[in-house]
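I have placed the structure first, in the form of structure tokens, so that the comments after it can refer back to it.
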Amino acid sequence: MASNRLLLNPAKTEMLWCSSVRRQHQIPTGSVRIGNTSVVPVSVVPDFGVYIDADLTMSAHITATARACFAALRQIRSVRRYLTCDALLTLLRALVITKVDYCSSTLAGVSSALLQCLQSVLNAAARLVFSARRSEHITPLLRELHWLKVPERVQFRLCVLTHRCLHDTAPPYFAETLQSTADVLYKDVVVSGLLRRRNSSYHRHVEPPLVIVRFRLLRRVPGILF
């Protein structure tokens, strides 16, 4: 770091050990020496607004997002009577929906129980728009607003990112890590145009979330969109 004229700030430096839940007890808890500074490992670190936990379940990020969204909903509800429908929707999109969608592609593969926490945010926002009671069905309200449910929003984000990678509109540092193959045999099914990571064997490699979602949605999304 000294050769690059960089200085480590201990007050702003955090370190995270990542492992599965079963191996959490094997992670060392002592400080790590980096140069002349000792850094104590933490269980959660923020990275560009995304909270990454040690077991990579994204529970810390979902909890923080839901907390911030419900705080915004409480503030909006206090002035609901003074807002028009268009103004209310604008506030919800700016203060709530954007938080739910921010870096939502990192939630691919997250358990449905955790995603339900974010879904409760959308449900509360939809009920606020229509002044609906909790006993009313939420699906018709979401359809009226043209809001996808949280799992579908995650899949949509991944499909958009896949489309951008295929058409060279994604950031180079991301697009260069993926390449399309002509025909790949995946679980005895030949899929044309499947993506795989560069310099990796798809016979032994577990495909990343982008590829899994692309394969699963291939039958439902017209091929011309890709």
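Reported count of residues in region 1-38, each being hydroxyl-bearing (Ser, Thr, Tyr), touching a strand residue (DSSP E or B) at 6+ places or on another chain (Cβ under 8 Å) and assigned to a loop (DSSP other than H, G, I, E, B), is 3.
Given the criteria surrounded by 12 or more Cβ atoms within 10 Å (Cβ to Cβ) and assigned to a helix (DSSP H, G or I), does residue 88 qualify? Working first, answer last.
Values: surrounded by 12 or more Cβ atoms within 10 Å (Cβ to Cβ): yes; assigned to a helix (DSSP H, G or I): yes.
Yes.
Within region 42-59, identify whether any single residue is over 24 Å from residue 99 (Cα atoms) and not aromatic (Phe, Trp, Tyr), and answer yes or no. Within region 42-59, one or more residues are over 24 Å from residue 99 (Cα atoms) and not aromatic (Phe, Trp, Tyr). If you check 57, 63 for being touching a residue at least 12 places away in the same chain (Cβ under 8 Å), not in a helix (DSSP H, G or I) and not acidic (Asp, Glu), only one passes: 57. Output the residues belonging to region 19-33 that are surrounded by 12 or more Cβ atoms within 10 Å (Cβ to Cβ) and either under 19 Å from residue 51 (Cα atoms) or in contact with a helix residue (DSSP H, G or I) (Cβ under 9 Å, 6 or more places away or on another chain) (or both). Correct list: 19, 24.
Values quoted throughout were computed directly from the atomic coordinates according to the rules given, and no laboratory measurement underlies them. Everything quoted here is computed from the prediction, not taken from an experiment. Note that we place each Cβ from the backbone using ideal geometry, even for glycine, and neighbour counts take in every protein chain shown.
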